[in-house]
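Presented below is the structure to which this report refers.
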Amino acid sequence: MITNICLVGAGRAGNFHAESIMRHKGINLAMIVDSNKKKGIEFATNYNTVHYESLSYVLTDLSHLCNAVIIATTTPTHYDLVMLSLKANKHVLCEKPLGTTEQIKECYQLANDQKLHLLIGFQKRFDNNYRALLQKTLLTKSSLPHHIRFVTRDYPVPSSQYLSSSNGIVEDMLSHDIDQAYLFMNGQTPKKVIAFNSTELDVLKNINEIEHITVMMQYAKGQIITIEGSRTADYGYDQRVEVFTGDKPNKVIQMNNVLNSTVETYSRQGIILDEINESFPQRYTATYLYELEYFINMINENIDIQTDKLYTDLNAMLYNVNVCHAINKSIATGKVIYL
C-alpha cells in the first residue's frame, strides 16, 4: 500500500522529512505546500514533485491525491494546519510543539472522533540510542532514577530567521528532553522547577534568544532531573544523557555522543577518538526515517497506540506544555515554580 504524503513547509524541517520520504519505498511525496512560491518551486524541483501555495486549496480541490499530511512549518502555524488536515480526514504527523493546552486537547479529540492518527514529532523517541538507554534503565530499576542529566547543545548556531519563530529555547530544544523525562519518570510530573540562563552572542541578544540554559526539576520523592542546553557548541552537536539509578547498589547508565566513526588512535600522547556528529541533520537522519516508518505503521494499523511507548499521546503532550510553561515562568521571574 502506497501512502501519498502532502508535505507542508519547504524549510529546514521539511527537507528532513522529504529526505526520509525519498528513502522509503512505500511512500510517495505527492506535493509540497508552502506560501513562499519561489522556495516552494525550488523544493518541488529538488524532490521531483509539485508545489502548491495553499493547504486549504489542496485539501479541498485535490484531496484525493493524498491520504496523510506532514506539517513542518513554523511553530505558530501548527495548530491551525493540524485542525485543517484532520477536518479534511487526513492522518497527520506534525513537528512539535502543537499549541496551548486547550488546542492540544482539541486536536486529539478531533483525531479520535474522526478515527484518524495524529503523531507529534518528538524525534528522540525514535532514536536508537535514546531508546536503548530507556530500555536499559527500565530493565535495571526497581524504582525511579535518583538523578538524570540531559545535555543538548547546538552546532552550528541556528539562523536568526529560524530562532525568531521557534518559540524559544525551552519549547524548541528542551522540550525533547522534557519528553524523555516523561518516559524515564513514568509520566510523573515534577513538583518544582527552576531555570538559570545567560546569553553572550550579540546575534542572539538582538532577537531575545537564550544562549545557555540549565533547568532543575525535582519530583515528589526527591529525584532530580537536570537539563543543560546551549545554542553554541564549537566542538559539534552534543547529545548526552546520564542516569543514576534508584537501585541498590546504584548504577550509572550513560548515553554518549554519536561519533563519525569508531576509529581510535593510540599514541604516547593518549587516545584520540573521531569527531562527534557535526549537526542536527547528521545526528538524526536515521531517526527521522524511523519516525516516518512509525507514522506509516500507525496509518496501516500495525501499531497499538494504546499500549505502544513510542506514541506521543495526549497525556505526554499536556505534561510537556505544562513543564515548558513552568520553566519559562521561572526564566521570567527568577523563582522556583511549583507545579
message: Anything in region 318-336 that is surrounded by fewer than 17 Cβ atoms within 10 Å (Cβ to Cβ), part of a helix (DSSP H, G or I), touching a residue at least 40 places away in the same chain (Cβ under 8 Å) and not hydrophobic (A, V, I, L, M, F, W, C)? List them, or say none.
response: 322
- request: Give, as residue ranges, the helices (runs of 4 or more DSSP H) completely inside region 23-138 that count at least 1 residues that are under 20 Å from residue 298 (Cβ atoms) and not hydrophobic (A, V, I, L, M, F, W, C).
  value: 78-87, 101-113
Extreme residue, nearest to residue 21 (Cα to Cα), among residues of region 246-278 that are out of contact with any helix residue (DSSP H, G or I) (no Cβ under 9 Å at 6 or more places or on another chain) and modelled with pLDDT under 90: 278
- prompt: Is it true that residue 10 is in a strand (DSSP E or B), among the small types (Gly, Ala, Ser), touching a helix residue (DSSP H, G or I) at 6+ places or on another chain (Cβ under 9 Å) and under 21 Å from residue 63 (Cβ atoms)?
  reply: no
message: I'd like the residue in region 198-225 that is among the charged types (D, E, K, R) and in a helix (DSSP H, G or I) and, out of all such residues, is surrounded by the most Cβ atoms within 10 Å (Cβ to Cβ).
response: 205
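The values are calculated or read from the model by the stated rules, or taken from the named source; none is laboratory data. Just so it is clear, the model here is predicted, and its values are computed rather than measured. In this analysis, Cβ positions are derived from the backbone assuming ideal geometry, glycine residues included, and neighbour counts consider all displayed protein chains.
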